[in-house]
Amino acid sequence: MTPRSLLLLLSLVVLGLLAWELRWVLMVLFGAVVLAVALDVPVSWLRRGLRLSRPLALLLVLMVLALLSWQLADLLLPELLEQLNQLTQLVPALIARLSELLGGVSVLEGLEGRLSDLITLDKLQPIGAQLIGFAGGAASGTVLLLLMGLLAILLVLDPRSHQRLVLALTPAHSRPLVQNLLTESRQALGGWLAGMTLSASVVFLLTWAGLAALKVPLALLSGLICGLLTFVPTIGPTLASLLPVAVSLLISPTLAVQVIVLRLVLQNGEAFLLTPLLLSRTVNLLPTVALMAQLSLGALLGLPGVLLALPLVVVLQVFSQRVLVEQVMDRWT
């Protein structure tokens, strides 16, 4: 090994260790980039359609988002809170129903009793300490989200200056390639976010309407969970179906079968028709790649890693195609 190769290897090791130590900072930065791309999509539409300046277009987008959030919260939040209260009341009945259907499994029969035994003063004290720690973590997470939002707004206000900063840190002969990578990554990420948001919204509305038509309890809560878990391919829709199926079992097995059929139709329609149609011009992730990325980043970073895994894979897929495949593999002799 030549001294130059050894120096390069040591530099990569040091950079890897530094990145691991700063992983939470990098996670916040990448989350801000994802949020900035999500905001930049409607900002770009407004700038092309209404010829607005970037700050004015961003202000208009933020005002519209705030108004829509307030209207949705005013419309859906009371019913959602009521359904959450109903869910807590249905848990014992659901456990009893599952125990009855499974022939009186001892684990399920004793679960409610063990839950009652846990609700004592001496048992609640360590739980209270854990809740304090959880509250501290939630406060820290809120600060990180606010910082991520502030960084995203700064990125949207002046994206070209940040692109020039990235280009200035690359060698001159590689700047055209890096410029193309930044442009394609932004297009792919923006298209993926827009497509998945529309797909999740359609799944939420159709699931809510279908469950309400079948008169399944907690229809709004179930539809919201199904819509949100659309962003988690492969395992997300399956996990989302557990709540409406379990609740429908409290009424009748026939209704549970109808709910399963409804979810299968919507899940397959979203996976094989709606999402490929929306992402046909941007990027479509293989389910195996998406699942492995979520498992890997979830093991390293927890829930934030799971949430940012798919946007990161979208960007890495562009980098792999343009750098690893076209610049390395295709030129390998």
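Among the candidates Ala309, Ala246, the residue that is under 16 Å from the mean Cα position of the chain (by Cα), in a helix (DSSP H, G or I) and in the same structural domain as Leu189 (by TED's automatic domain parsing) is uniquely Ala309. Considering segment 1-107, the qualifying helices (runs of 4 or more DSSP H), each wholly inside and each with 2 or more residues that are touching a Leu at 6+ places or on another chain (Cβ under 9 Å), of a type in the set (Val, Ile, Thr) and in the same structural domain as Ser140 (by TED's automatic domain parsing), run over 23-50. Note on segment 201-226: residues that are of a type outside the set (A, V, I, L, M), under 15 Å from Gln267 (Cα atoms) and in contact (Cβ under 8 Å) with a residue 40 or more places away in the chain total 3. Counting only residues that are of a type in the set (D, E, K, R) and farther than 24 Å from Met148 by Cβ, segment 1-51 holds 3 of them.
The values are calculated or read from the model by the stated rules, or taken from the named source; none is laboratory data. Quick caveat, the model's predicted, so the values are computed rather than measured. Every residue, glycine among them, receives a Cβ derived from its backbone with ideal geometry; neighbour counts consider all protein chains shown.
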